[in-house]
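Structure first, commentary second.
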Amino acid sequence: MTRKRSGKSILANFGAFSEPAPSDGNAGQAEGETRPLPVQPLARVGAGVIGATHRSLSDLREQRDRLQAIVDAGVGLEIDPALIDPSPFPDRLPDDNSVDFDKLKRLIAEEGQKLPVQVRKHPGAEGRYQVVYGHRRWRAAKELGIKLKATVMDLSDAELVVAQGIENAARQDLSWIERALFAWRMDEAGIKPRDIRAALSIDDPELARLRSVCRVLPQDIIEAIGRAPKVGRPRWVTLADAVSAEPDVLSRVRKILSGDKVLSLPSDERFKQALAVAKKVPPKKQSSLALRGPTGEVVGKAVFSEVAVKLTIEEAQASAFADFMEEELPALIERFFARESER
């Protein structure tokens, strides 16, 4: 998976919340610097709305300034990658192939690591660290046996997921189910909903949709399918609905995903296989009974299923049996309901 980097750091992503700079023509503008777009006139709104918006922007600026200070205080080090653990909130599923990672690893081996990763001190293990973002560079350095350039930041769990989410938003290459799994893992760790929304840049309805799928689909099913980058929310919801509707669906999905032939497919194809077997209606259970005459010869057949009863009688007795059934069925129905009422 080719990862296009935006060229922006975490700080640049908070630049949108900065106070607008005074306009003085081209004076003070650095070469190559992107000038902010001119502010368009806004439609007249109530004073209450303006006040609420101003307070929201003020809160965002305060958060931006706080994270600015954290990053400014970060310490640049070269760390043994063996002393670094992954983020406690994984946001990636395995790629379908390793071509892109191999390219990155070869580039680092030939030219060195250009950009440092972001890490924090491990909150539960002295002398160790956790990746905030830069997992692929960390893995490459680990496999190459070289020190990893890293900026050490002092972050809480909530600040870590927000920073990790901002980095992902800059790349814009998380698949829908990876976002859902990221939200679920944060939920499980007790991260507040407001921090989850900030990490993923989503609103409450979308957070509810992300949660709903992961609450129905077990993690092992999601991981067996993989990233499925071309599969969006509607089809994941369809799969979750199929699992909710019928208990046997999960066993059928697990069975199809355990086959070597399916496991060798790209993740989008694995999803298609899982959805197809989930939506497949199993045959209705049915039984049959041979109808025999006084001397044991077969004169017909009765087939019983969950939705119908079908009688077939040999032609020689068909007409007489039809007259008999027409007379006997009312009494038979009466006996049936009498027995049901006694249960």
Exercise. Got a sec to turn the phi values of the range 212-218 into Karplus ³J(HN,Hα) couplings, 6.51 cos²θ - 1.76 cosθ + 1.60 with θ = phi - 60°, whole Hz, x for Gly and Pro?
Worked result: 4, 6, 6, 6, 9, 8, x
For this session: Taking just the C-alpha trace of the range 187-343, give me its Rg and Dmax in Å.
Result: 26.3, 81
Problem set entry | Accessible area (Å², per residue) of the range 207-343, counting only protein heavy atoms and a probe of 1.4 Å | 69 Å²
Exercise. Which residues' amide hydrogens lie under 5 Å from the amide hydrogen of Val132, considering only partners 5 or more residues apart or on another chain, with H built in the peptide plane?
Worked result: Gln118, Val119, Arg120
For this session: Would you rank Met186, Met325 by solvent-accessible area, highest first, keeping every protein chain in place and using a 1.4 Å probe?
Result: Met325, Met186
Exercise. Is there a pair in Lys114/Lys230; Lys279/Lys301; Lys121/Lys147; Lys285/Lys310; Lys103/Lys149 whose C-alpha atoms are over 21 Å apart, and which pairs would that be?
Worked result: Lys114/Lys230; Lys279/Lys301
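Can you give the local net charge around Leu332? Use residues other than it whose beta-carbon is closer than 14 angstrom to its beta-carbon, Lys and Arg +1, Asp and Glu -1.
Residues close to Leu332 contribute a combined charge of -3.
What ranking, highest mean first, results for peptides 130-138, 106-114, 234-242 when packing means the other Cβ atoms within 10 Å averaged over each residue?
130-138, 234-242, 106-114
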Problem set entry | Karplus (6.51, -1.76, 1.60) ³J(HN,Hα), θ = phi - 60°, over the range 225-240, in Hz, Gly and Pro reported as x | 6, x, 4, 6, x, 8, 9, x, 4, x, 6, 5, 5, 4, 5, 4
For this session: State the extension gain, in nm to one decimal, for the chain segment bounded by Phe324 and Glu306, taking 0.36 nm per residue of separation less the distance between their alpha-carbons.
Result: 4.0 nm
Exercise. Each residue of the range 124-130 in turn: what ³J(HN,Hα) in whole Hz from Karplus with 6.51, -1.76, 1.60 and θ = phi - 60°, glycine and Pro shown as x?
Worked result: x, 9, 4, x, 10, 9, 10
Problem set entry | Positive-pole candidate from Ala163, Val249, Pro218, dipole of the range 155-264, charges at beta carbon | Val249
Problem set entry | Per-bin percent of Cα-Cα distances, the range 261-343 [5 Å] | 3, 10, 12, 14, 14, 10, 7, 6, 6, 6, 7, 5, 1
Problem set entry | FRET E, pair Ser201, Lys255, Förster distance 35 Å, beta-carbon r, rounded to 0.05 | 0.40
Exercise. Å³ per residue of the Cα convex hull, for the range 222-277?
Worked result: 66 Å³
Exercise. Viscosity 0.692 mPa s, temperature 37 °C: Stokes-Einstein D of the range 158-218 from its Kirkwood Cα radius, in µm² per second?
Worked result: 289 µm²/s
For this session: State the extension gain, in nm to one decimal, for the chain segment bounded by Lys147 and Asp248, taking 0.36 nm per residue of separation less the distance between their alpha-carbons.
Result: 31.4 nm
For this session: Would you please give the residues with an amide H less than 5 Å from that of Glu314, counting only those at least 5 places away or on a separate chain, with H modeled from the backbone geometry?
Result: Gly300
Seminar exercise, completed: Charge tally for neighbours of Val298 with beta carbon under 9 Å away, counting Lys, Arg as +1 and Asp, Glu as -1, is 0
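The values are calculated or read from the model by the stated rules, or taken from the named source; none is laboratory data. Here the structure is a predicted model, which means the values were calculated and not measured. Counting neighbours? That spans all protein chains shown, and the Cβs are built from the backbone with ideal geometry, glycine included. Quick note on the areas: whole protein, heavy atoms, side chains included, nothing else; ligands and nucleic acids left out. Shrake-Rupley method; radii C 1.70, N 1.55, O 1.52, S 1.80 Å.
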